[in-house]
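Scroll down for the structure; my scribbles are underneath it.
The values are calculated or read from the model by the stated rules, or taken from the named source; none is laboratory data. Source: prediction; values computed, not measured. Please note: Cβ atoms are built from the backbone with ideal geometry, for glycine as well, and neighbour counts cover all protein chains shown.
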Amino acid sequence: MLNMEVIAEIRRRHLVSKESISSIARDLNLSRPTVRKHLQTIETLGYVRQHQPAPKLGCFQATLESWLQTERHLPKAQRRTAKRLFEGLQSEGYRGAYDSVQRCVKQWKSAQLAPSVKGAFVPLVFVPGDACQFDWSQEQVDIDGVVQTIKVAHFRLAYSRQMFVVAYPRETQEMVLDAHNRAFAFFGGVPQRLIYDNLKTVVDAILVGKERRFNRRFMALANHYLFEPVACTPESGWEKGQVENQVGNVREWLFTPMARFKSFELLNEWLSKRCLELAARSHPAEAERTIAQCFEQERARLRPVASEFAGYVEQMMRVSSTCLVRVDRNRYSVPADFAGKVVSVRVFADQIRLVIDGQVIAQHGRRFGRDQLIFDPWHYLPVLEKKPGALRNGAPFVEWDLPKAVKAVRDRVLKQPRGDRAFVELLLAAREVGLDTLQVACELTLECGVVTAAVVMNELRRLTAPERPERISLPEQLRLQVEPMADCSRYDHLLGRQHVH
């Protein structure tokens, strides 16, 4: 049997190009009767076996169907698979192939479905403030000249159709938590329910029916905002069809052609603005009103946000001897006082916080990528007190972005004897009074022309010394009754007496 592409070529070459049957048969290595036959073929042809014989299944088919009929009323988890049913028939004496059993099971299950409802759906109606649908999509963008694949979180209020989208470098739980914070701030409130796929960052386990075991950290978010999480039936995307359609529309509206921005912050500001602009379109169910007008009605029904959820994922880690902790393939510095200790690492979508006993001991902007070292040089000052030589080649200090005047003083002081220790003392002083004060002291030192650590320290003390009061008020008892008079002749008198002796 020829495929339809060859049949179409035969008909096109003979009926359109007026090529002879002999030429077509010779070129396609076919017989002329075959060519003549397929010149009459218009509809798709193909042999489909209407019934697959299963002679060995025979009398066992009734047993198999009775098992299937009995088990159809059991929960899905308790029903036997085709493989288990095959093993059961073998114990009854069946000696045929597994394929026959599998085919019979499939045909029996298909026959149980009412043909009239296949592909049919129930239209859904939502009231204001009732539900919001959530989904992720994958897009291509240019961030600071680098084309990369990003993840976009989609929210859609089911009644008003108001959408909100926000972009992230990846799809992780802290991103999910942050996206909800942003969405509720954008909407100005929280709906009663949020509808999800069975995301691993949201659902830990799918149980019987609609029962789910949700992730504990995600449930902390739901309990904070008091919304009900609802997970769709697997492979039933129509249960959140609005946001499914939104994914395709947003790709066309916002990411075609490719979006180009300097940073994720600028991209997300633009996306938020575009979500408001697109709300000027007509509402799909209420053509006389816009999405924005319906949103204003729905906003009044949303639950107000009392406070923002702390959207981080926490893990306990031990600080290395080099004062670093490893997070997501990158390393971040910790104050040297905590080397070797266990700290709580709180991973947010855009930052890393290190906490001990509820106190934040360090904070860094989050980096994405691999094998990056993120230092705060001030974390290593206690180490410099004991090892000042590390100032010259220590990784945290090599690319330290110090003010220009401070760099100039450093370069000159380090060339002097014991200059590394002297400059470390300046840094220790700056930790107390601030880097800006050290910068001013260095500028004054450079102006005077004598550049040493002692001169800079003297300028620091002058800058930080408390101001002297113009007049001191004293109680009456401490006031002098007779104020002394300056008499320089007394010194001459004393000098004269010494001269006589």
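Observations, loosely collected:
- Filtered residues of the range 372-399 (kept if modelled with pLDDT of 90 or more and under 30 Å from residue 150 (Cβ atoms)): 372, 373, 374, 375, 376
- Being at pLDDT 80 or above and in contact with an Asp or Glu (Cβ under 6 Å, 6 or more places away or on another chain) holds for only one residue in 435, 444, 427, and it is 444.
- Residue in the range 93-101 that is in a loop (DSSP other than H, G, I, E, B), among the aromatic types (Phe, Trp, Tyr) and either surrounded by 14 or more Cβ atoms within 10 Å (Cβ to Cβ) or touching a Pro at 6+ places or on another chain (Cβ under 7 Å) (or both) present: yes
- When residue 301 is tested against the conditions (1) closer than 21 Å to residue 185 by Cα; (2) touching a strand residue (DSSP E or B) at 6+ places or on another chain (Cβ under 6 Å); (3) in contact (Cβ under 8 Å) with a residue 24 or more places away in the chain, the lone failure is (2).
- Checking each residue in the range 434-456 for being within 19 Å of residue 414 (Cβ to Cβ), out of contact with any Ser or Thr (no Cβ under 7 Å at 6 or more places or on another chain) and in a loop (DSSP other than H, G, I, E, B) picks out 449, 450, 452.
- Residue ID - nearest to residue 170 (Cα to Cα), chosen from residues in the range 323-351 that are out of contact with any helix residue (DSSP H, G or I) (no Cβ under 9 Å at 6 or more places or on another chain) and part of a loop (DSSP other than H, G, I, E, B): 328
- Checking 90, 107, 140, 148 one by one, the residue that is of a type in the set (S, T, N, Q), outside the structural domain of residue 250 (by TED's automatic domain parsing) and at pLDDT 90 or above is 90 and no other.
- So residue 416, is it at pLDDT 90 or above and surrounded by fewer than 16 Cβ atoms within 10 Å (Cβ to Cβ): yes
- Counting residues in the range 71-81 that are hydrophobic (A, V, I, L, M, F, W, C) and modelled with pLDDT of 85 or more gives zero.
- Per-region count, the range 457-484, residues in a loop (DSSP other than H, G, I, E, B), modelled with pLDDT of 80 or more and hydrophobic (A, V, I, L, M, F, W, C): 2
- Failed criterion for residue 226 (all others in (1) more than 19 Å from residue 303 (Cα to Cα); (2) surrounded by fewer than 18 Cβ atoms within 10 Å (Cβ to Cβ) hold): (1)
- Every residue from the range 261-298 that is free of Cβ contacts under 8 Å to residues at least 24 places away in the same chain and under 20 Å from residue 174 (Cβ atoms): 265
- Listed by first and then second residue, the pairs linking a residue in the range 146-170 that is among the small types (Gly, Ala, Ser) to a residue that is surrounded by 23 or more Cβ atoms within 10 Å (Cβ to Cβ) and assigned to a loop (DSSP other than H, G, I, E, B), with Cβ atoms under 9 Å apart and 6 or more places separating them unless they lie on different chains, are 158/191.
- Of the residues in the range 361-379, not one is among the hydrophobic types (A, V, I, L, M, F, W, C) and without any contact (Cβ under 8 Å) to a residue 24 or more places away in the chain.
- Pairs with Cβ under 9 Å, 6+ apart, first in the range 25-39 and closer than 11 Å to residue 9 by Cα, second among the acidic types (Asp, Glu): 28/9
- For the criterion of being closer than 30 Å to residue 312 by Cβ and among the acidic types (Asp, Glu), residue 357 passes.
- Note on the range 436-484: residues that are of a type in the set (Val, Ile, Thr) and over 47 Å from the mean Cα position of the chain (by Cα) amount to 7.
- Selection status of residue 162, in contact with an Asp or Glu (Cβ under 9 Å, 6 or more places away or on another chain), modelled with pLDDT of 90 or more, in the same structural domain as residue 275 (by TED's automatic domain parsing) and surrounded by fewer than 19 Cβ atoms within 10 Å (Cβ to Cβ): no
- Within the range 457-501, the set of residues being over 23 Å from residue 411 (Cβ atoms) and acidic (Asp, Glu) comprises 467, 470, 476, 483, 487, 492.
- Yes/no for residue 368 being in contact with a Ser or Thr (Cβ under 6 Å, 6 or more places away or on another chain), of a type outside the set (Gly, Ala, Ser) and under 30 Å from residue 149 (Cβ atoms): no
- Selection status of residue 424, under 15 Å from residue 453 (Cβ atoms) and surrounded by 13 or more Cβ atoms within 10 Å (Cβ to Cβ): yes
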